[in-house]
Amino acid sequence: ASARLEAALKASREGKTDEAEKALGALAGEAPGGYRLLARFRLAAETGKGNPEEGARVFEAIASDPAYSGVLQDLARLRAAM
């Protein structure tokens, strides 16, 4: 999961948005706990670059997920508002 996340981040840095979003989406769905959360946050940010409203929606989905603590939910709400 670590190597896959790094590859997705590298794709993002190189401007390969579609590749980054695809890799992050896969990680968000199947990676172990911490990596899944990191991938979800980064996917929301990547999505927001091209479509701010959709990015906010993805952050709101994280904020409403009971699997995460209140602090992480609050962070997702803050990012959605930004």
Kindly express, to the nearest 10 degrees and within the range 0 to 90, the angle between helix 70-81's C-alpha long axis and the longest C-alpha principal axis of the chain.
70
Return the loop-located GluC sites (Glu not before Pro) in the range 1-63 (DSSP other than H, G, I, E, B) with at most 13 other Cβ atoms within 10 Å of their own Cβ; answer none if there are none.
Glu14
Measure nothing but the geometry: give the 0 to 90° angle between the long axis through the Cα atoms of 52-63 and the longest principal axis through the Cα atoms of the chain, rounded to 10°.
60
How large is the dipole of the chain about the Cα centre if only Lys and Arg carry +1 and Asp and Glu carry -1, each at its Cβ, rounded to the nearest 20 debye?
180
Out of Arg57, Arg36, Arg13, any idea which swings most in a Gaussian network model of the chain, alpha carbons joined below 10 Å?
Arg13
When the charge dipole of the range 1-56 is computed with +1 on Lys and Arg Cβ and -1 on Asp and Glu Cβ about the Cα centre, the Cα farthest towards its positive end, among Leu27, Ala56, Gly15, belongs to Leu27
Mind listing the phi-derived Karplus ³J(HN,Hα) values for the range 17-27, rounded to whole Hz, using 6.51, -1.76 and 1.60 with θ = phi - 60°, and x for any glycine or proline?
4, 4, 5, 5, 5, 5, 5, 5, x, 5, 5
If the elastic network links every pair of Cα atoms under 10 Å, which of Ala56, Ala67, Ala39 fluctuates the most in the Gaussian network model of the chain?
Ala67
Computed from these coordinates, which is Rg/Rh (Cα atoms, Kirkwood Rh): (1) 1.31; (2) 1.16; (3) 0.96?
(3)
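Carbon and sulfur together cover what percent of the accessible area of the chain at a 1.4 Å probe radius?
Carbon-and-sulfur percentage of accessible area, whole number: 56.
The values are calculated or read from the model by the stated rules, or taken from the named source; none is laboratory data. Note that this is a predicted model, so its numbers are computed, not measured. All Cβ positions, even for glycine, are placed from backbone atoms using ideal geometry, and neighbour counts span all protein chains on display. In case anyone asks, the SASA skips ligands and DNA or RNA and just uses the protein heavy atoms, side chains included. Shrake-Rupley method; radii C 1.70, N 1.55, O 1.52, S 1.80 Å.
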